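What follows is a set of notes on a single structure, which appears directly below.
The values are calculated or read from the model by the stated rules, or taken from the named source; none is laboratory data. All values reported here derive from a predicted model rather than from experimental measurement. Counting neighbours? That spans all protein chains shown, and the Cβs are built from the backbone with ideal geometry, glycine included. Only protein heavy atoms, including side chains, enter the accessible area calculation; ligands, DNA and RNA are left aside. Shrake-Rupley method; radii C 1.70, N 1.55, O 1.52, S 1.80 Å.
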Amino acid sequence: MMSLKSYDSWLKVVILLLITYVLVNVTSIYLPIIVSIIVAFILNPLVNYFSRLHYWPTGFEIGRGFAVLLAFACMMVVLAIIGTFVLLPFMHEFDKFIIHLPAMIVRIQELSTDIGHRASLLEIPFNINTLIEQTIASAASFSADFVRRVLQTILSFASSIVQLVVVPVLTYYFLKDWLILKEKIILMFAVNSRNKARQVIEEMANVISGYIRGQVLISIVIGVIVFSGMYALKIDYPLVLGLLAACTETIPIIGPIVGSIPAIMLAYLISPTVAFKVILFYIIVHQFENHIVVPNIMGHTIAVHPVVVIISLLIGAQLFGIIGMMMAVPIAALLRILIKQLWNITER
């Protein structure tokens, strides 16, 4: 006859399998949850600040729930400013970009063919000439395909806007009841494992909060720099290129390189000299980012080796496309923490 302990173990396995099955089959609910978690991590320092203030003249401290509402109000003011001075001009510029995109793709393909023809006239070995032609054609095809994928991602995100109505509610409760939720999760573990569970959860929360806030700040900085540079160089659609740079900045290593390709192609439509200036500009920005921006903003928040980052990006791209690439590094960082902690437990 099966013992009570064995029955309990099998019950836990069945519950875990059911949870896994549900999570695999309800992927549509992930978007509002992920967005809510990101917003909660961004606003959490502001909520902590408001909840610690002593309000004159009584020295009264407001509750955390009201502090969350104050943080929401600040966020709405910031979003209103961004919408007025950034979003509306961007939408106007983006509409023009969409209208002219098919003609620009055709023009870029014509230019790549012309470059390949000129290269064939030079006295260089046939195999090198073929390699140059293939590289140019691949770059043009890749940039066009990448723009198409980004647009599809944006449209897919916009089509999910109905799901996002629950984001403010989820964010409110994440911010207000995080400590309660954390303790509820910890209580699910055995008594002798709760301290370890608390340590793991807090370490994971610190890594993710630092990564999200750092990545948002880095994306804003790089987006503003790219917009300013493209505007100064008189490249068409500087707002679109700035936003593209901010979005691709969330993809480590290859993101900034991929984000520069449309700008270089647009510059080449003007002249090769302008394209060279844009390439030089992106090289300077990339060096500035790697040696100044990232070390000072991100520090050592994500202690993941570049090889692991690249493998994570490949897996994320294969499974979930661009969104998977954006989520690959933080997920890899969380898995690193789990493996490290589980390894320590096994060693003991």
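Residue pairs whose Cβ atoms lie under 7 Å apart, sitting 6 or more positions apart in sequence or on different chains, and linking a residue in region 41-53 that is free of Cβ contacts under 8 Å to residues at least 60 places away in the same chain to a partner that is assigned to a helix (DSSP H, G or I) and surrounded by 19 or more Cβ atoms within 10 Å (Cβ to Cβ), are Leu46/Ala71; Phe50/Ala67; Phe50/Ala71; Ser51/Ala67. Does region 253-266 contain at least one residue that is open to solvent by less than 40 Å² (accessible area, probe 1.4 Å), among the polar types (S, T, N, Q) and part of a helix (DSSP H, G or I)? Taking every residue of region 253-266 in turn, at least one turns out to be open to solvent by less than 40 Å² (accessible area, probe 1.4 Å), among the polar types (S, T, N, Q) and part of a helix (DSSP H, G or I). Scanning region 293-306 for residues that are part of a helix (DSSP H, G or I) and open to solvent by 20 Å² or more (accessible area, probe 1.4 Å) gives Val294, Pro295, Asn296, Ile297, Pro306. State all residues of region 307-346 that are open to solvent by less than 30 Å² (accessible area, probe 1.4 Å), closer than 17 Å to Pro252 by Cβ and of a type in the set (Val, Ile, Thr); if no residue qualifies, say none. Once the filter is applied, which keeps residues that are open to solvent by less than 30 Å² (accessible area, probe 1.4 Å), closer than 17 Å to Pro252 by Cβ and of a type in the set (Val, Ile, Thr), region 307-346 yields Val309, Ile322, Val329. Just one of the listed residues (Pro256, Pro306) is closer than 18 Å to Ala328 by Cα and under 15 Å from the mean Cα position of the chain (by Cα), namely Pro256.
Take the conditions hydrophobic (A, V, I, L, M, F, W, C), under 30 Å from Gln341 (Cβ atoms) and modelled with pLDDT of 80 or more and apply them to Ile222. Does it pass? No.
For region 276-292, the criterion of a residue being at pLDDT below 75 and surrounded by 15 or more Cβ atoms within 10 Å (Cβ to Cβ) is satisfied by no position. As for region 227-237, it holds no residue that is of a type in the set (Phe, Trp, Tyr), part of a loop (DSSP other than H, G, I, E, B) and surrounded by fewer than 16 Cβ atoms within 10 Å (Cβ to Cβ). Considering only region 199-212, I want to know if a residue exists there that is polar (S, T, N, Q), more than 20 Å from Ala333 (Cβ to Cβ) and at pLDDT 85 or above. Within region 199-212 (the criterion being polar (S, T, N, Q), more than 20 Å from Ala333 (Cβ to Cβ) and at pLDDT 85 or above), the answer is no, since none of the residues qualifies. The single condition among (1) over 26 Å from Met204 (Cβ atoms); (2) modelled with pLDDT under 70; (3) open to solvent by less than 70 Å² (accessible area, probe 1.4 Å) that Val26 does not satisfy is (1).
Just one of the listed residues (Val240, Val329, Val309, Val285) is more than 24 Å from Gly214 (Cβ to Cβ) and assigned to a helix (DSSP H, G or I), and it is Val240.
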